[in-house]
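Have a look at the structure below before the remarks.
The values are calculated or read from the model by the stated rules, or taken from the named source; none is laboratory data. Since the structure is predicted, the reported quantities are computational estimates derived from the model, not experimental observations. Positions of Cβ are backbone-derived with ideal geometry, glycine not excepted, and every protein chain shown enters the neighbour counts. Areas reflect the complete protein model, heavy atoms only, side chains present, ligands, DNA and RNA absent. Shrake-Rupley method; radii C 1.70, N 1.55, O 1.52, S 1.80 Å.
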Amino acid sequence: MLIDQAKVCVLGLGYVGLPLAVEFGKVFPTVGFDLRRERVKELQQKRDSTLEVETAELEAAIHLTCSDDLDAIRACNVYIVAVPTPVDRQKRPDLQPLLRASALVGEVLQPGNLVIYESTVYPGATEEDCVPILERVSGLTCNRDFFVGYSPERINPGDKTHRLTNIVKVTSGSTPEAAEWVDQLYRHIIHAGTHRASSIRVAEAAKVIENTQRDVNIALINELAMIFNRLGIDTQEVLEAAGSKWNFLPFRPGLVGGHCIGVDPYYLTHKAQEIGYHPEMILAGRRINDNMGLYIAGQVVKLMTIRHVVVSTAHILVLGLTFKENCPDLRNTKVVSMIEEFRSYGSQVDVFDPWANPEEAREEYGIELCAKPDTGSYDAVVIAVAHRQFREMGATAIRAFGKPHALLYDLKYVLPTSAVDGRL
């Protein structure tokens, strides 16, 4: 198959798949496929509720169509799978979305086709878990009738600087010829260039350690913040002082949620334990980061108690619910663990987030977002996410939500130290 004969299908039109479909849709005939009919409808109307892609970008993808009908993708010859790979309640990899997508592709797969996976997985998952399903459903044989590639996503939700096209793309294939074809395909849309890995397993491992490295580093800073808190030292001041050295890494403490950093390490540790190795540092970092919501809630409760606030009857305002600033993404947000901890004390908690979708917050977490916080109503105000709206409000406007002498806790360093009563 020649590159100029490519007919691309992107399965999964979320934060990863939609930008990919849009870019390919500027160059090749492309079908964006998603099982969510409402998602397809909004994209057909050139609207993106994730706010990752502007209307003008959707309109510029002149070769892109979106559909939830399997028949619409039967004429494609390149299938790119970009579905979520979460973990379950026991922190084990949940490959069901990926395996279901593989079965769907198997139903339409034809000889000579190429299947590329972008979802984050552990090393070996593409060839050991996905390919057998493709073969079983299609009746075809990999590397004889069809070929497979892996090119891990590097999307950073809400980031308007680091975009799909200006981030180097790692590519790989199931044969040297397939690897070259995959690499050529992505070079048509990735301006920053590509990095061709020697195997699919290398590309899978490269992806999973990108976020594992960040997770471990943030865990270190979180642990340091807990130590400095006991010592009565301002963590931000310490980090700024240490950051005056050229090779000090600029990590900051905080909640670690989302679909990547808070999830990907579990894929690597699962595979490590499967082969008989217990990854101590990675899991220790995960334990620290997973428990930060409880730690922060404990710090707020402690400060409230010092102020003689009865926690069991307190009214607390949490500003922000999404897993990161200036982004509507609620997946795996650790703000929820902090809210639940406050409620376990008996406190009444209101949550305000101008970016989050109220219906999604209700369905995913049972949290009713307030349309606007009541002035002068709260015993404590916690800035949990550094949305630009909160920065623009400033300390005076945020304090106005609280009662006289209410506690203001800033875990995201949105406000100056002198303007708050506590921070991480």
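Observations on the structure shown:
- For the stretch 111-179, radius of gyration divided by Kirkwood radius, i.e. Rg to Rh on alpha-carbons: 1.06
- Debye, to nearest 20: dipole size of the chain, +1 on Lys, Arg Cβ, -1 on Asp, Glu Cβ: 780
- Neighbourhood net charge (13 Å Cβ-Cβ; Lys/Arg +1, Asp/Glu -1) for GLU274: 0
- Per-atom-type breakdown for the stretch 133-186 gives carbon and sulfur 52% of the accessible area (1.4 Å probe, protein chains only).
- The stretch 1-160 pair-distance distribution - Cα-Cα, 5 Å bins, rounded %: 2, 9, 19, 22, 21, 15, 8, 4, 0, 0
- Spread of Cα-to-Cα distances over 10 Å intervals beginning at zero, given as percent, for the stretch 336-424: 16, 50, 32, 3
- Largest first, the three principal axis extents of the alpha carbons in the stretch 175-263 are 60, 27, 20 Å in whole numbers.
- Remark: spin-label model distance VAL168-ARG37 equals 4.6 nm, labels positioned 7 Å along the Cα→Cβ axis.
- Inter-label distance, SER199 to THR396: 6.4 nm, where each label sits 7 Å from its Cα along the C-beta direction.
- When the chain is reduced to its Cα atoms, the Kirkwood hydrodynamic radius in Å: 23.1
- Accessible area expressed per residue, the chain, with surrounding protein chains retained (probe 1.4 Å, Å²): 45
- Computed over the Cα atoms of the stretch 166-322, the ratio of the radius of gyration to the Kirkwood radius (Rg/Rh) comes to 1.11.
- The residue among LEU104, ILE275, GLY173 whose Cα reaches farthest toward the positive pole of the charge dipole of the chain, with charges on the beta-carbon of Lys, Arg, Asp and Glu, is ILE275.
- Positive-end extreme of charge dipole, the chain - chosen from ILE306, TYR295, THR194 (charges on Cβ): ILE306
- Within the shell of other residues whose beta carbon sits under 10 angstrom from the beta carbon of GLY106, the net charge comes to -1, with Lys and Arg scored +1 and Asp and Glu -1.
- For the chain, the list of Cys residues with no other Cys C-beta under 4.7 Å reads CYS66, CYS130, CYS142, CYS260, CYS327, CYS370.
- Largest-first ordering by accessible area, 1.4 Å probe, given options TYR267, TYR295: TYR295, TYR267
- Of VAL381, VAL263, GLY139, farthest towards positive along the dipole that unit charges on Lys, Arg, Asp, Glu beta carbons give the chain: VAL381
- Solvent-accessible area of LEU95 with every protein chain in place, 1.4 Å probe, in Å² to the nearest 10: 20
- Dimensions of the stretch 78-232 from C-alpha coordinates, computed as largest minus smallest value along each principal axis and given longest first, are 66, 38, 26 Å.
- In this rough spin-label picture, where each label sits 7 Å from Cα along the Cβ direction, the ARG230-ASP88 distance is 3.6 nm.
- The stretch 226-287, accessible surface, carbon-and-sulfur percent (1.4 angstrom probe): 60
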